[in-house]
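Following: one structure in structure tokens, then a few remarks.
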Amino acid sequence: MKLVNILLKVYNYIPLFILNSVAFLFYMIPEKYRYGSVFWRQYSGLISQRNLTERQREMYEVNLLRKKLSDAYENIPFYNNSFNIVGVTPAEFNSVLDLSKFPVIDKDIVRSNCDKMIRRGLLKDELDYVTTSGTTGQALGVYQDKSILMREWAYVNYIWKRTGYSPDSSRLIMRGKVFREKKLKGQCWQWDALKRELSIDVFAMKNDNLELYCKKIEKYKPQYIHGYASAIIVLCHYIEKRNLNHKFLGVLAVSESVTTEQRGYIEKVLKARVFSFYGHTERLVMAAECENSTEYHIEPSYGFVELIDSKGNQIWEPGIRGEIVATGFLNTAMPLIRYKTGDIAEWSETAECACGRTHRRLKSIEGRRKDVLIGKSGTKFSLAAINMHTRVYDNVLKYQFCQEKMGETSLKIVPAQKYKNIDSEKIIEQIYEKTGNELNVKIDIVEDIPLGANGKFCMINQKLKI
């Protein structure tokens, strides 16, 4: 058994102070033995694919899709039945356009047919069970191959390599996950020398704790920040206010859409590039920015992405927004084919990226369908449409829209010290200009806006059924 597999099994049972004491021994072991064969086999495969021509990449994707459809039809009861119902077989698949012949699925379908979606011959005890955060109201559970954890970590390291990150780099972790010292001792931070991670509690980012966090950052000197943009913004406000000078090589933003406003502010304060990537618990898509662009480059061997309109038609033209429908390639135990993610995106308008990769690229990813405001006439407005990254928000620390009635919204604002009534007037005036008076806006000044149960921040608290 590889060292990494042993550590994964016993890690949570070893006191942290012992792990921290012997961590240096772990890093004396050569990398190829340290992370195991599953990790390095996947990582090496990704390196070998990076110079694919566009034609080679297209053929590669079609072959992966054909294999996935055939395997699911032969070995997964749910897909055998659902394909037969609509009268289609994998033999009819010859190009990505043919995907439209196959049925789409969503969370409700997966939730209702979970047992039928597991490969014949596999027992649930042989698999890992993961759940989504349930941002749409109800969590979803999915069974996955046990090898997926290390395979995904290979993908993450591969895309982060574009920022200079390596498997041995250290990170400041700012996510909603409960780390062991918080769970066991109620402590708001921990240093894990084995993982080279300084974890801080994003639910407890008050001034006293922020001062403590900054002291720990100076002590352990993590090279990268890895976490939610909303939490990183709060840390940046404190750093700017106290005129601190923490050095980071990059910001690895995850799980939340990063607005232009957020990106610019974080990079100004930390003087480090914000690098965002897109993925989710269902593990169907991995897409990330590159060295030269903030567009999302889709990893072809991880999963295939379609965009569809409200009628289920495929969208291939740039500039048209649609829902991300994904087919994952990693999970053979419970594959998800043409799964509606609820996230909205549009294709890149540029033919090539300066980085030279031939990956298909998404210009933007705007989050869930509920991440919009509804105007008086039913018009939907995303944050991008409202344009929240202008100078009128310079004196705003944090904001959140809340909508309970069509055509009306409240805008909660946590003000900076320089915030004045004139700022509220300018914000309302700009929203009216952007929406054509479709939204009546009321501003509520508040001391803080709480995070969700998963530690993520929701910029639009949409109460309407969309």
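The values are calculated or read from the model by the stated rules, or taken from the named source; none is laboratory data. None of these values were measured; they are calculated from a predicted model. Cβ: placed from backbone, ideal geometry, glycine included. Neighbour counts: every protein chain shown. Each accessible area value is taken on the protein alone, full model and side chains, heavy atoms only, with ligands, DNA and RNA left out. Shrake-Rupley method; radii C 1.70, N 1.55, O 1.52, S 1.80 Å.
So for segment 204-223 (the condition being in contact with a Gly (Cβ under 9 Å, 6 or more places away or on another chain) and either open to solvent by less than 50 Å² (accessible area, probe 1.4 Å) or aromatic (Phe, Trp, Tyr) (or both)), does at least one residue qualify? Before you say what the answer is, go through the steps one by one.
In the first step, residues of segment 204-223 are kept if they are in contact with a Gly (Cβ under 9 Å, 6 or more places away or on another chain); the result is 223.
Now restrict to residues that are either open to solvent by less than 50 Å² (accessible area, probe 1.4 Å) or aromatic (Phe, Trp, Tyr) (or both): none.
Scanning segment 204-223, I find no residue that is in contact with a Gly (Cβ under 9 Å, 6 or more places away or on another chain) and either open to solvent by less than 50 Å² (accessible area, probe 1.4 Å) or aromatic (Phe, Trp, Tyr) (or both), so the answer is no.
Checked against (1) more than 18 Å from Leu19 (Cα to Cα); (2) open to solvent by less than 20 Å² (accessible area, probe 1.4 Å); (3) in a strand (DSSP E or B); (4) not basic (Lys, Arg), Leu198 passes all but a single condition, namely (1).
Restricting attention to segment 83-125, the residues being in a helix (DSSP H, G or I) and open to solvent by less than 20 Å² (accessible area, probe 1.4 Å) number 5.
For segment 435-457, enumerate the residues that are surrounded by fewer than 16 Cβ atoms within 10 Å (Cβ to Cβ) and outside any loop (DSSP other than H, G, I, E, B). If the condition is that a residue be surrounded by fewer than 16 Cβ atoms within 10 Å (Cβ to Cβ) and outside any loop (DSSP other than H, G, I, E, B), then Lys442, Asp444, Ile445 are the ones that fit.
Does Arg180 satisfy being more than 18 Å from the chain's Cα centre (by Cα) and on the phi > 0 side of the Ramachandran plot? Talk me through it step by step, then tell me what you get.
Numbers: more than 18 Å from the chain's Cα centre (by Cα): yes; on the phi > 0 side of the Ramachandran plot: no.
Judged against the criteria, Arg180 is not a match.
Which ones in segment 313-339 are out of contact with any helix residue (DSSP H, G or I) (no Cβ under 8 Å at 6 or more places or on another chain) and either open to solvent by 10 Å² or more (accessible area, probe 1.4 Å) or not small (Gly, Ala, Ser) (or both)? Scanning segment 313-339 gives Ile315, Trp316, Glu317, Pro318, Gly319, Ile320, Arg321, Glu323, Ile324, Val325. Filtering Ser70, Ser44 for residues that are modelled with pLDDT under 95, surrounded by fewer than 17 Cβ atoms within 10 Å (Cβ to Cβ) and assigned to a helix (DSSP H, G or I) leaves a single hit, Ser44. In the set (1) over 20 Å from the mean Cα position of the chain (by Cα); (2) in a loop (DSSP other than H, G, I, E, B), the condition left unmet by Tyr165 is number (1).
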